[in-house]
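Notes for the one structure printed next.
What follows draws every value from the coordinates through simple rules; no lab data is involved. Note that this is a predicted model, so its numbers are computed, not measured. Positions of Cβ are backbone-derived with ideal geometry, glycine not excepted, and every protein chain shown enters the neighbour counts.
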Amino acid sequence: MMGTPESAKNHEDVTGGPGPEGERIPDVLRRGMRAAIVGSCFKVLSSLSFVNGLMLVYLSALNLDGPTVISLLSLVSVLQAFCLIPFAHLADCAGKKLVTMIGIALCGIGFALFPMVGLFPGGMMVGVLGAGICLYGVGLAGQMAGWFALLSPLVPSFYRGRFFGALRVSWQLCGVAVAAIIAFLLPRETSVPMLTWVLIVVGISILPWAVFYTRIPELEREQCSTRDLPAALMTIARSAGYLPFCAYLFIIHLFVGGCPVLFGLIEKRVLAMGDGTVVLLANVTMIGSVLGFYLGGKAVDRVGTKPVFLVCHFGYGITLALFVIRDLFPVPVFPILAVVHAMFGLLVAAGSIAFSTEMLALIPAARKSLTTSICSTMIQGGSALSGLLGAWGISMGLFSSSWMLSGSVRSAYDVVLLIYAAMIVLMTVTLGLIPSVVGRPELRGGSPVA
């Protein structure tokens with residue numbers, strides 16, 4: 001087609017079909033997108049163990065108290081918040097795939113420590129757990145630092161919403177399947193040796209994760225004109241709409257990032273549910289995410305990102321409040337909790353599609369690893385602080401450990417959820433921080449960065 005810009009040749013979906021102008025995507029891009037999807041399916045088996053209830057059940061089996069469990073599970077987000085930007089700077093200067101593979105290797109080393117925890121006495125046990133979680137968190141930061149920059153030239157811009165939907169639906173289905181098997185195998189109270197074997201099997205999945213990620217082509221090899229990280233950050237900060245969007249991401253995750261752990265602790269320690277039930281409910285969250293990724297991708301492509309974020313705000317408030325009043329309905333508690341988990345997963349998934357699409361449209365044309373990692377740092381920082389603030393408030397005795405609501409007993413964890421529910425609805429006013437770059441060419445790409 002004469003006069004067709006080169007970028008139009010990338011207009012094709014992940015299955016290799018024609019784009020809007022009938023152009024076909026090169027095979028190297030199709031293979032790269034396929035490797036990204038398959039590799040993510042293996043990645044999720046280990047990374048979701050921190051949110052699907054498996055690690056929570058394991059830490060509870062080791063007889064750790066609630067605030068310690070929350071703090072340990074928050075460490076992954078804490079380490080990512082601190083390490084994403086340095087790793088992203090390294091990825092831009094040394095290569096995205098190199099840093100990605102180093103990160104996956106650290107994840108493997110860290111996860112290998114978890115099954116060994118039972119070999120150590122009580123005092124050392126928490127230290128070994130912390131070391132493993134820290135290594136895994138640092139490794140995830142290394143892998144994630146260049147992830148969106150690696151995908152940016154690989155995925156046609158017109159198809160990003162649906163591609164990220166397909167990507168996340170795929171790995172979420174894998175996570176759901178594995179979590180369902182784990183929930184079926186776990187008895188009401190699982191022994192540490194049995195959980196150790198489960199962790200060993202899950203940890204092996206890190207090997208194929210690494211294999212498939214090596215097959216993703218690095219299409220853009222940036223040459224940093226400066227290695228001055230502070231100067232690069234200041235230049236990125238001047239990009240139109242970029243900092244307000246990052247601030248919005250931090251605020252949202254400050255009030256929702258710690259909720260899954262609170263759900264699990266209430267189910268395990270307040271409602272006295274069995275290990276298999278706790279993992280099963282966490283699995284329902286992932287099932288809701290599958291639907292959320294699909295609907296989120298469709299909604300973003302059709303109505304834009306801001307309406308999706310607006311629905312998420314009120315949806316989060318309703319969902320968290322519903323969890324707190326779980327036994328005030330004339331039905332058993334389990335189906336109410338299942339609905340809450342499904343709704344929460346749907347909202348998180350739809351919001352993440354909107355975030356990814358808006359971010360890729362907003363980032364400057366250069367230093368993509370660094371710019372995308374700043375957004376991811378805000379997300380991880382908000383999520384980490386969400387868990388740590390809840391753990392701090394509970395350990396300091398700021399919230400009553402036992403209180404009544406309509407004749408039913410509630411815990412300190414419920415107080416934290418109520419606070420988060422109120423704040424996420426109030427924070428609807430922060431929607432003005434989103435520039436809604438999607439559909440506004442004058443804001444796309446920000447300013448060039450050295």
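Whole-Hz Karplus values for segment 204-220 come out as 4, 5, 5, 5, x, 3, 5, 4, 6, 5, 5, 8, 7, x, 8, 7, 10 Hz, taken residue by residue from phi with 6.51 cos²θ - 1.76 cosθ + 1.60 and θ = phi - 60°; glycine and proline positions read x. Where Lys and Arg each count +1 and Asp and Glu each count -1, what net charge lies around SER170 among other residues with Cβ under 12 Å from its Cβ? After counting each charged neighbour, the total is +3.
Fully extending the segment from LEU431 to VAL333, taken as 0.36 nm per residue of separation minus the present Cα-Cα distance, adds 31.9 nm. Enclosing the Cα atoms of segment 35-122 in their convex hull gives a volume equal to 112 cubic angstrom per residue.
If R0 equals 35 Å, the separation of the Cβ atoms of VAL211 and PHE314 corresponds to a calculated FRET efficiency of about 0.25.
Amide hydrogen proximity for ARG410: with H placed 1.01 Å from N in the peptide plane, the residues at 5 or more positions away or on another chain lying under 5 Å are TRP403, MET404, LEU405. Across the alpha-carbon set of segment 189-322, the Rg to Rh ratio works out to 1.06, Rh being the Kirkwood radius.
The calculated FRET efficiency for the pair PHE184 and ILE204, based on their C-beta separation and a Förster distance of 25 Å, comes to about 0.80. Compared with the alpha-carbon gap, the fully stretched path from SER400 to ALA112 is longer by 99.9 nm at 0.36 nm per residue. Specify the residue with the greatest mean-square fluctuation among ALA282, ALA232, ALA350, computed from a Gaussian network of the chain linking alpha-carbon atoms under 10 Å apart. Most flexible of the set in this elastic network: ALA232.
Each of TYR136, TYR316 was scored by other Cβ atoms within 10 Å of its Cβ. Listed from fewest to most, they are TYR316, TYR136. Between the beta carbons of LEU119 and ASP65, assuming R0 = 25 Å, the FRET efficiency works out to 0.70 to the nearest 0.05.
Normalised by the residues of segment 183-279, what does the relative contact order come to in percent, with Cα pairs under 8 Å and at least six apart? 66 percent. The share of C-alpha pairs in segment 353-429 whose separation exceeds 18 Å stands at 59 percent.
Taking the alpha carbon gyration tensor of the chain, multiplying each eigenvalue by 5 and rooting it gives semi-axes of 36, 25, 21 Å, largest first. Remark: the ILE419-ALA105 segment gains 109.2 nm on full extension, using 0.36 nm per residue and subtracting the alpha carbon distance.
In terms of packing, defined here as the mean over residues of other Cβ atoms within 10 angstrom, the peptides 102-115, 46-59 line up highest first as 46-59, 102-115.
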